[in-house]
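Each reported figure results from applying straightforward, stated rules to the coordinates on display, with no laboratory input. Predicted model only: the values in this text are computed from it and were never measured. Virtual Cβ from ideal backbone geometry, glycine too; neighbours counted across all protein chains shown.
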């Protein structure tokens with residue numbers, strides 16, 4: 001069975017071959033689904049496009065900037081209304097009848113197009129259940145938190161990421177410190193002579209070489225969240241990447257990258273540098289180390305541009321923004337909640353009262 005794909009100014013509508021209604025990607029069934037008549041349409045999966053590309057070639061020959069963003073007039077296939085959107089909008093919802101369309105042309109406004117995607121596995125109900133369980137926990141959270149952090153603010157979204165590979169060869173040198181102890185004589189507070197063991201350090205010059213291959217350092221390609229927040233729901237199983245297909249976007253939100261490939265690599269290289277320094281420090285260490293110097297050569301750098309699934313909820317509480325995330329592949333969650341100042345004050349008062357009671361009881365027993 002083949003789905004009917006209608007096109008309007010580059011926007012794709014995946015229509016049901018059974019009733020003509022709109023098809024959506026069903027995360028639980030991993031195929032297109034019609035919510036009206038129940039028709040299911042399989043998506044052909046391949047991995048031949050998920051390949052590493054030379055970073056050197058991209059930086060020297062490519063111009064990694066977005067193309068000119070143009071306005072696009074979308075005429076809805078369902079209600080006929082016309083709405084203005086942009087050519088870089090990956091998914092679009094008609095503001096009059098909520099009909100959803102996918103715009104694969106959005107990714108062509110970027111020099112580097114996605115080669116792979118991990119489809120959503122965690123569907124809406126499962127994500128909502130995870131969110132409700134999380135928001136309901138925690139003694140220190142304010143009692144009115146649920147009024148601000150509503151479950152309907154949770155939305156599934158494909159976000160852009162870069163992966164980077166690199167071979168590294170490092171030369172390091174430094175001083176490894178070996179602890180030893182000497183006996184020291186001193187006079188105590190009563191004027192008596194005592195002895196004690198005092199730690200000393202013998203510094204020994206050390207040097208060596210460290211080689212390491214980094215595979216798939218994952219960097220967020222969207223500024224919607226900072227890198228450290230993305231990492232709270234890592235890892236993704238990148239072995240499950242499949243060829244990018246716009247059908248996976250049907251019924252879901254999506255974004256395009258605004259972090260250039262070379263900027264993403266700069267972030268990745270800092271991570272590699274930190275890892276290499278930590279490993280070289282371990283090699284230099286006897287009991288401790290100092291004055292470590294590391295020089296690293298990078299080669300065989302490659303990259304991939306991919307889309308990964310995330311459930312996101314952003315809410316505002318007392319003028320401060322909080323985020324809740326779910327890894328759309330694994331279900332791993334992460335989030336921050338505000339803390340009730342009133343509960344903290346009560347806890348401090350309670351602790352003081354308990355302390356006073358214990359002190360009073362101890363005085364009575366003497």
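Below is a table of values for the structure above.
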item	result
Centre separation in Å (Cα based) which lies between the stretch 264-334 and the stretch 199-232	7
Among 174-184, 234-244, the order from most to least packed when residues are scored by Cβ within 10 Å on average	234-244, 174-184
Surface/4 of the Cα convex hull for the stretch 82-131, nm²	5.3
Segment residue 263-residue 31, extension gain: residue separation times 0.36 nm, minus the distance between their alpha carbons	80.0 nm
Among 309-322, 20-33, the order from most to least packed when residues are scored by Cβ within 10 Å on average	20-33, 309-322
Cα-projected label distance for residue 129 with residue 184, points at 7 Å along beta-carbon direction, nm	6.2
Estimated inter-spin distance, residue 40 and residue 192, nm [label 7 Å along Cα→Cβ]	8.4
Extension gain, residue 213 back to residue 293 (0.36 nm per residue minus Cα-Cα distance, nm)	26.8 nm
Peptides ranked, highest mean first, by Cβ atoms within 10 Å: ranges 212-222, 285-295	212-222, 285-295
